[in-house]
Amino acid sequence: MIKNYFKIAWRNLVKNKTLSFINIGGLSVGMAVAILISLWIWDELSFNTYHHNYKNIAQVLVNQTRNGDINTEYGIPAGLGAELRKTYGNDFKYVVMSSFPSRHILAAGDKKVSSSGNFMEADAPKLYSLKMIEGTGNSLNDPSSILLSESLSKSIFGNTSCIDKMVTMDNGKNFKVTGVYEDPPENTSLYLSKVSFIGPWSYYSVQVLQDWVFNAWGWDCAQLFVQISDNADMAKISGKIKNAIFNKANDADQKSKPALLLHPMSKWHLYQYKNAVLVWGKMEYVWLFGVIGIFVLLLACINFMNLSTARSEKRAKEVGIRKAVGSLRSQLIKQFFCESLIIATLSFMLSILLVLAAIPWFNKVSNKELTILWDKPLFWLAGLGFTFFTGMIAGSYPAFYLSSFKPVKVLKGTFKAGALAAIPRKVLVVVQFTVSIVLIIATIVVFKQIEFAENRPVGYSKDGLVNIAMTNDDLHKQFNSFRNDLLASGSIAEAAESTEPVTGNGNNVGGLQWKGKDPGMADDFGIVGITLEYGKTVGWQFVAGRDFSRQFLTDSNSIILNEAAVEYMGLKNPVGETVRMNNNNYTVIGVIKNMVMNSPYEPVKQTIFNLNKDKGGSLNIKINPNVSAHQALIKIETVFKNYSPSIPFNYKFADEEYAKKFEGEERIGKLARFFTALAIFISCLGLFGMASFMAEQRVKEIGVRKVLGASVFGLWRLMSKDFVVMVVISLFVATPSAWWMMHNWLKNYTYRTDLSWWVFAISGLGALAITLLTISYQSIKAAIANPVKSLKTE
């Protein structure tokens, strides 16, 4: 019996080639989208599971309350690790202090590599359960040891063993390689942080930090990672350590009410803190794409249902005869389910080929390294279950609908599907285009938001602005000579040092005093140390006062504020005001327009610029606009090598670095556009099939109308009317739904675009145009057919 079911199902597929192509093609595309999204979601949800004890690992964060807002910050005081071990030691298995990731030059012989890494305490390899390829991870107590990732080891030493060999960092300190660990996969925080080496905290704490820092409980200069004790409750421990900083801080630092909390590793990637509450971050996109995957697959299933029920009259006689010769309804249901399962199986096989073809592009757009999990039994079980589920969903409505026909009416020729029978099909078409229109609107809004932020005034000139990381003191010690030689080469317009690059500022300062400040206010400013020519180099724009100048010796005790700082401080006439910072008095000599140094979607932070005598972390160079960038960089490199021959000449253009701030949203936009296009394609396949069946069913009606004088346009309008009405209904359903969704999405951004009416109008008109183009072929084909052939009797 089962063999007979499949034989008949196969014959029906072969007999109706167009219908089969539409069903299999649509389902395979829907399945391919669902598989790609499933792989992406799996990668996101399995983030950091590479680390064996990731459920017990956490980062210690601190909530700071300033002006009524609670900011959750990653920086913690350098002495906190020792305090947790001393006071709460029984609650933790490992407590690991760490620097923030920083880039350094590692050299061995003639080989020099610029790489990013952390300085961490000795238990870091155990906490992260690093897989050692060579050597041991138990050596970081030695301040002259270092661990390298496998890829960094190969970059410096090739395929030879590097254990016990020496590497020189930034042309200064020598470290002995005591271990090589496996490169973490791309879905780990270590990979995202580009931690290619781990240096000893014992070296960093002595040589980089100063002794007084370990007693400065308001100085957030490090990171802290912990692994809680086995079977311990993370929430309870988080509550216990809450006041560890507050109890040590002085009165000024206590104003911000520092409160510690444990941020579980399982939440690092997909969640974020807003006003001290853990909310969705990237988890929002996981749900979003999950819903899109379900809906795209549903659209393909709708096609199958619609096309199967549209053929109801043709299959009615088959059902009638089967029932007349004794077939039970349950047998007919099985027969139709067999057909749908065959289509689903063929679609799944084709979808695997589509995924193989699309996954290189998909990885590039999503910035992933996804692969089909061929060797995982779970993948095949999920695939078979996925296919069975899809086949059952797609075949459910046709099976129960077609098997319900009465054999007497069918065989007497009095059976007609009737107007009511078309209602479910129309509802499903409305659902299809509602989803498609929502996706169109969402895609336009995403790109509109990106464009809005990209066009935001940044307050400086990105064109021709180059940043070079200063990893040692060579350039700083001879900066004036270096700058003069660059100017003499004609390749640059200006050059300056700064503690932070123009495209990112992570330095903060608080505890300032100024006239009119509320005594209870816990203030917080960004701060950038610069050299005299910084303003001319970056092209900042003044709204009041003047720039730093060599003509004024007092400028060493002067500062420049941005507009956000003036507003934050409540200063009406800021130029000439005195600000006390770090126990020194500074005079405000100028106010500049806000420079967008961090997120282009958020308000510019209140920032102070002061002259810095110490080495800056960044070298800023403005290329001469009259010289090509290529020629200028050649000359700059020549001068650079004269002053710092041991450091590779690595540079970044400010405009390119600024553009990277939009990569996340652009990635989401491209994926949404891709899925929207496929959703529209699937919907159009269904419309094409429906239009062809409608034309086939109305052949005689069209012939009669043509004989009576109906025009081709009139017939096209007649056949298109029902579809247009369905799309209009879809538009009315989709518009408020899309507005609600995108309104909530835009609330994630402080600096955001508005939901313009034209977005909805274009989406509706686009859907209508796509519908008319899809059905016009069949409509016009039927309208221009010879009525003589249409009216012939069988």
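Give the residue that is surrounded by the fewest Cβ atoms within 10 Å (Cβ to Cβ), with candidates limited to residues of the stretch 571-583 that are under 21 Å from G511 (Cβ atoms) and of a type outside the set (D, E). Taking the candidates together, the pick is N583. Of all the criteria given as (1) modelled with pLDDT of 85 or more; (2) more than 25 Å from V725 (Cα to Cα); (3) of a type outside the set (V, I, T), the one not satisfied by A761 is (2). May I ask you to verify whether S114 is outside any loop (DSSP other than H, G, I, E, B), modelled with pLDDT under 90 and within 23 Å of Y271 (Cα to Cα)? Spelling it out, it is not the case that S114 is outside any loop (DSSP other than H, G, I, E, B), modelled with pLDDT under 90 and within 23 Å of Y271 (Cα to Cα).
Considering only the stretch 109-149, state which residues are open to solvent by less than 10 Å² (accessible area, probe 1.4 Å), under 17 Å from I163 (Cβ atoms) and among the polar types (S, T, N, Q). Correct list: S145, S149. Taken over the stretch 604-620, residues that are closer than 17 Å to Y658 by Cβ and open to solvent by 60 Å² or more (accessible area, probe 1.4 Å) amount to 1. On inspection, A522 passes the criterion of being assigned to a loop (DSSP other than H, G, I, E, B) and open to solvent by less than 60 Å² (accessible area, probe 1.4 Å).
Yes/no per residue for (1) modelled with pLDDT of 95 or more; (2) in contact with a strand residue (DSSP E or B) (Cβ under 6 Å, 6 or more places away or on another chain); (3) aromatic (F, W, Y):
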position: K572; (1), (2), (3): no, no, no
position: I592; (1), (2), (3): yes, yes, no
position: N598; (1), (2), (3): no, no, no
position: E602; (1), (2), (3): no, no, no
position: L611; (1), (2), (3): no, no, no
position: A632; (1), (2), (3): no, yes, no
position: E637; (1), (2), (3): no, no, no
position: N650; (1), (2), (3): no, yes, no
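Each row is one residue, and each column tells you yes or no for (1) on the phi > 0 side of the Ramachandran plot; (2) open to solvent by less than 40 Å² (accessible area, probe 1.4 Å); (3) at pLDDT 85 or above; (4) β-branched (V, I, T).
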{"residue": "D375", "(1), (2), (3), (4)": "no, no, no, no"}
{"residue": "S396", "(1), (2), (3), (4)": "no, yes, no, no"}
{"residue": "K406", "(1), (2), (3), (4)": "no, no, no, no"}
{"residue": "T414", "(1), (2), (3), (4)": "no, no, no, yes"}
{"residue": "I441", "(1), (2), (3), (4)": "no, yes, yes, yes"}
{"residue": "A453", "(1), (2), (3), (4)": "no, yes, yes, no"}
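Would the stretch 425-439 turn up any residue that is open to solvent by 60 Å² or more (accessible area, probe 1.4 Å) and at pLDDT below 85? Yes, there is a match, as at least one residue in the stretch 425-439 is open to solvent by 60 Å² or more (accessible area, probe 1.4 Å) and at pLDDT below 85. Of all residues in the stretch 474-486, none are within 31 Å of the chain's Cα centre (by Cα) and part of a helix (DSSP H, G or I). Every listed requirement among (1) in a helix (DSSP H, G or I); (2) surrounded by 15 or more Cβ atoms within 10 Å (Cβ to Cβ) is met by N171 save one, (1).
When K613 is tested against the conditions (1) assigned to a helix (DSSP H, G or I); (2) among the basic types (K, R); (3) under 30 Å from D474 (Cα atoms), the lone failure is (1). Scanning the stretch 350-381 for residues that are in contact (Cβ under 8 Å) with a residue 40 or more places away in the chain and part of a helix (DSSP H, G or I) turns up L350, S351, I352, L354, V355, A358, I359, F362, V365, S366. With respect to being more than 27 Å from N508 (Cβ to Cβ), in a strand (DSSP E or B) and under 36 Å from the mean Cα position of the chain (by Cα), V180 fits the description.
Say we look at the stretch 641-658 and pick out the residues that are open to solvent by 50 Å² or more (accessible area, probe 1.4 Å) and either without any contact (Cβ under 8 Å) to a residue 40 or more places away in the chain or of a type in the set (S, T, N, Q) (or both); which of these is farthest from W361 (Cα to Cα)? In this case the residue turns out to be N642. Scanning the stretch 157-167 finds one or more residues that are crowded, with 18+ Cβ neighbours inside 10 Å and without any contact (Cβ under 8 Å) to a residue 60 or more places away in the chain.
Only a single criterion out of (1) open to solvent by 30 Å² or more (accessible area, probe 1.4 Å); (2) at pLDDT below 85 is not satisfied by E500, namely (2).
Close Cβ contacts (under 8 Å, 6 or more residues apart or on different chains) running from residues in the stretch 206-218 that are within 22 Å of Q254 (Cα to Cα) to residues that are part of a helix (DSSP H, G or I) and open to solvent by less than 80 Å² (accessible area, probe 1.4 Å) comprise F214/A82; F214/S205; W217/D253; G218/A252; G218/D253. Against the test of being more than 41 Å from the chain's Cα centre (by Cα), surrounded by 14 or more Cβ atoms within 10 Å (Cβ to Cβ) and of a type in the set (F, W, Y), the options Y586, Y601, Y534, Y568 yield a single qualifying residue, Y586. Of everything in the stretch 621-640 that is in contact (Cβ under 8 Å) with a residue 24 or more places away in the chain and charged (D, E, K, R), the residue that is least open to solvent (accessible area, probe 1.4 Å) is K622. Do we find a residue being open to solvent by 30 Å² or more (accessible area, probe 1.4 Å), out of contact with any Ser or Thr (no Cβ under 6 Å at 6 or more places or on another chain), modelled with pLDDT under 90 and not hydrophobic (A, V, I, L, M, F, W, C) anywhere in the stretch 463-476? Yes; the residues of the stretch 463-476 include at least one that is open to solvent by 30 Å² or more (accessible area, probe 1.4 Å), out of contact with any Ser or Thr (no Cβ under 6 Å at 6 or more places or on another chain), modelled with pLDDT under 90 and not hydrophobic (A, V, I, L, M, F, W, C). Residues of the stretch 213-260 that are hydrophobic (A, V, I, L, M, F, W, C), surrounded by 17 or more Cβ atoms within 10 Å (Cβ to Cβ), assigned to a helix (DSSP H, G or I) and modelled with pLDDT of 90 or more: M234, I237. Given the criteria of a type outside the set (S, T, N, Q), open to solvent by 30 Å² or more (accessible area, probe 1.4 Å) and under 30 Å from the mean Cα position of the chain (by Cα), does L356 qualify? Against the criterion (of a type outside the set (S, T, N, Q), open to solvent by 30 Å² or more (accessible area, probe 1.4 Å) and under 30 Å from the mean Cα position of the chain (by Cα)), L356 qualifies.
The values are calculated or read from the model by the stated rules, or taken from the named source; none is laboratory data. Keep in mind it's a predicted model, so treat the numbers as computed, not measured. Neighbour counts run over all protein chains shown; Cβ positions are idealised from the backbone, glycine included. In case anyone asks, the SASA skips ligands and DNA or RNA and just uses the protein heavy atoms, side chains included. Shrake-Rupley method; radii C 1.70, N 1.55, O 1.52, S 1.80 Å.
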